[in-house]
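The structure appears right after this line, and notes come after that.
We did not get these values from a lab; they are worked out from the coordinates using the rules stated. This one's a predicted model, so the numbers in the text were calculated from it and none came from an experiment. Don't worry about glycine lacking a Cβ; one is built from the backbone with ideal geometry, like all the others, and counts go over all protein chains shown.
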Amino acid sequence: MTDQVQQPGARLNEPAPAFDAPTTHGRKTLADYKGKWLVLFSHPADFTPVCTTEFIGFAKKQDDFNARNAELLGLSIDSHYSHIAWMLNIKEKFGVEIKFPIIADLNMAVAQAYGMIQPGASDTAAVRATFLIDPEGVLRAMVYYPMNAGRSVDEIYRLLVAMQTADENACAMPENWKPGEPVIVPTPATPEAAMARAGEGFETVDWYFSTRML
C-alpha cells in the first residue's frame, strides 16, 4: 500500500486531510483517531537539537494529553529507520522514552497536504507545524513556529484544554485562559439582548464584554 492523501489542503473548521502513512507504530490513518482529539505535529529533521527538545517535551506531557482524550502523532521527512534510531538515541542520551508514533513521510504526501512545507523556510523539510484535530476529524487549530525556535508544548496543551472547555460550555476563552479562570460569555446578538445583558448576573464591563465562572 502506498501513502495516500485523499483531500489536499488544510483549512480551519473543515475536515482535516485524510492520510494513510507508515509510522513507528505501524500504518496510521486519520480514521484511526475518530472519537479522539489528535495533535499532529511536524519537525524539520531527526537528530537535530531543537527537534530533540520538542520531542522530549511532548513525551513528558503525553500522559496529560491522553487524559484529555488526545493522541500525539509526530512527522518528519525522514525514514522509518531514522525515526527508530533517533527514538533509541533520545532514550539512551536523555533518559526519555518516545511512546507516540512518528510518520515517515519520505514522499512528503502528508506534509504537502497539511501545508507543513513552507518554501520560504525549506523545500525539503517540514516546518514546526502543529495541527489540532477534533474527534469528528475537523481541523480546529494550526500553529506554526520558525525553524530556529522550538514550540511551547505547554501552550499547545493549554490550547487543547481551552478549546475543549469552550466547546463543552458554549463560551469563549480570554487571552492565556487556564482552568479555574473566568470565561467569556457570548456577545448579545440583538439590541434588546444587549440592553438586558447588565441584569443577567454576569460580571459585565459593557454589553459586549461579560465573563462568568464555570
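General observations
- Residues of region 128-160 that are among the charged types (D, E, K, R) and closer than 16 Å to residue 18 by Cα: 134, 136, 140.
- Residue ID - surrounded by the fewest Cβ atoms within 10 Å (Cβ to Cβ), chosen from residues in region 178-214 that are of a type outside the set (A, V, I, L, M, F, W, C) and closer than 25 Å to residue 157 by Cα: 180
- Answer from 140, 151 - the residue that is buried (at least 16 other Cβ atoms within 10 Å of the Cβ) and in a loop (DSSP other than H, G, I, E, B): 151
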